[in-house]
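The values are calculated or read from the model by the stated rules, or taken from the named source; none is laboratory data. Only a predicted model underlies this, so the values are computations on that prediction, with no experimental measurement involved. Cβ: placed from backbone, ideal geometry, glycine included. Neighbour counts: every protein chain shown. The protein model used for the area step is the full one, side chains on, heavy atoms only, and it has no ligands, DNA or RNA in it. Shrake-Rupley method; radii C 1.70, N 1.55, O 1.52, S 1.80 Å.
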Amino acid sequence: MGSKKRRRRREERPTIHPKNKYSENPPDFALLASLYPSFEPFVFYSRDGRPRIDWTDFNATRELTRVLLLHDHGLNWWIPDGQLCPTVPNRSNYIHWIEDLLSSNIIPTTSRNGDKVKGFDIGTGANCIYPLLGASLLGWSFVGSDMTDVALEWAEKNVKSNPHISELIEIRKVDNSESTPSIQESLTGKSVQDESNMDMSGHMDEEAEPSSSSSFNLPAGAQSSYHGPPVLVGVVRDGEQFDFCICNPPFFESMEEAGLNPKTSCGGTPEEMVCSGGERAFITRIIEDSVALKQTFRWYTSMVGRKSNLKFLISKLRKVGVTIVKTTEFVQGQTCRWGLAWSFVPPARKIISPHVAEKKNLSFMLEGVQRQFSALDVLQSIETFFSASGASCKLNASSFTVNITVSNDQCNTILKNEVNRVDEGPTSKHLEETSSSSSCLNASSTSLSFRTAVCFFPHLASIN
């Protein structure tokens, strides 16, 4: 049994994104060496005659990145010694995954920036790889943030070296002063003097409310004790709207930990590689900022280096009441990374096609239902919805069902009317999955009768 599970996992192992330029044609080192003399010294041939490079040589990996960006993307690029050197296929996987998220119907599309897609790169680095790839491949515009002088200088150089996309990319400096305010201080402009409204975990008591003068409201449960270089809050400007943020976080807690892999050399400064608490702490900072910024971004995303951190981060997201969480796996050779995305935008409302009316029972899952709402609350909402249109409804609380009879005219009215979503109750702290099923009781040419039943599965997480 165990061997079957292991075999199934191997068979289902994710591959490089199908839209990636290298999914069908991996980089040809021999060809690149013949076309670019500067790359030729780094290429050698193994016993089986295959061209290779020394992945532990920073100069080799940097030159490979340079020629790949030039040859396959028409981009001029360079970074100084010691800066983080990205691998082009891996970063392309991330860009195409975000493309999938934006083109999906998981959450409604908006016209916040017209037809243009605008992204925010957290810690763009000297390499500025995500804005360069996103702009050249898909025509996206970007704000890339960073705090070190070297990163800002070379990110600007890499943008200006590509005038055909330079107008799409803004490099923004992050204030790295020692007195960087907490999230709440950034939002209210006031120092947090009174901590009596906070419990031992740092969560605000439900009665504690942020100042009404804040540009963004900080809901109960959000961390108000964050100090450190700004990530999103304090960098994103008032009135700005983005389709997504993207982040290659500092994966490690120390440079010693960062150097544990002897098989590769991608460079990287402490600012790029290290954070107190590692990637878990840094991505938690993004989550806390997202609670304050909410729908300023359609999607918040980050790369994750350790699968073991996904469970913790997803649990964190459930507690702050996001409407949807998505994960994926990025594969490049023997290296695996994971993508984590979440949103506060209400999921797109889906109307069941009339072509499925022949089925006796229809079952579907409702994502993002807040934990404080019971199955009875959902049924009462269904009853209220149909009753408002004049339908006949009978709710049975003991069996968690509601019988509904609706005329054709009432059905047409329901389908034509634009029903505004009403948020009720306090901010959600948990996501649940709800299974809802409908059974046709009777159907005629003038009316439709059906029964809706609701079952809760609180132990399941809405992540797909």
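A few points about this structure:
- Computed over region 69-160, the P(r) curve from all C-alpha pair distances, binned at 5 Å from the origin, holds 3, 13, 23, 24, 18, 10, 6, 3, 0 percent per bin.
- Put simply, the amide H of F244, placed in the peptide plane, has neighbours under 5 Å in K118, F120, R298, W299, leaving out anything fewer than 5 places away on its chain.
- Whole-Hz couplings from phi, Karplus 6.51/-1.76/1.60, listed for region 53-65; x for Gly and Pro: 10, 8, 5, 8, 9, 4, 4, 5, 5, 5, 5, 4, 4
- Of all accessible heavy-atom area on region 285-347, the percent that carbon and sulfur account for (1.4 Å): 45 percent
- Long-range HN-HN contacts of V304 with modeled amide H, under 5 Å: W338, G339, L340
- Within-9-Å neighbourhood charge of I404 [Cβ basis; K, R +1; D, E -1]: +1
- Coupling constants for region 121-134 follow from the phi torsions by the Karplus curve (6.51 cos²θ - 1.76 cosθ + 1.60, θ = phi - 60°), and in residue order they are 9, 7, x, 5, x, 4, 6, 6, 5, 5, x, 5, 5, x Hz; glycine and proline get x.
- Sorting the segments 120-126, 33-39, 232-238 by their residues' average number of neighbouring beta-carbon atoms within 10 angstrom, most packed first, yields 120-126, 232-238, 33-39.
- Full extension of the segment from T110 to E170, taken as 0.36 nm per residue of separation minus the current Cα-Cα distance, would add 19.4 nm.
- Neighbourhood net charge (10 Å Cβ-Cβ; Lys/Arg +1, Asp/Glu -1) for F29: 0
- Cα-only Debye scattering, region 50-92: base-10 log of I(q)/I(0) at q = 0.16 Å⁻¹: -0.41
- Counting only protein heavy atoms and a 1.4 Å probe, region 23-93 has 49 square angstrom of accessible area per residue.
- When the listed pairs K160/K326; K116/K307; K118/K173; K21/K311; K326/K394; K21/K326 are checked against a 27 Å cut-off, the alpha-carbon distance exceeds it for K160/K326; K116/K307; K21/K311; K326/K394.
- Accessible area of region 34-99 belonging to carbon and sulfur atoms, whole % at 1.4 Å probe: 51 percent
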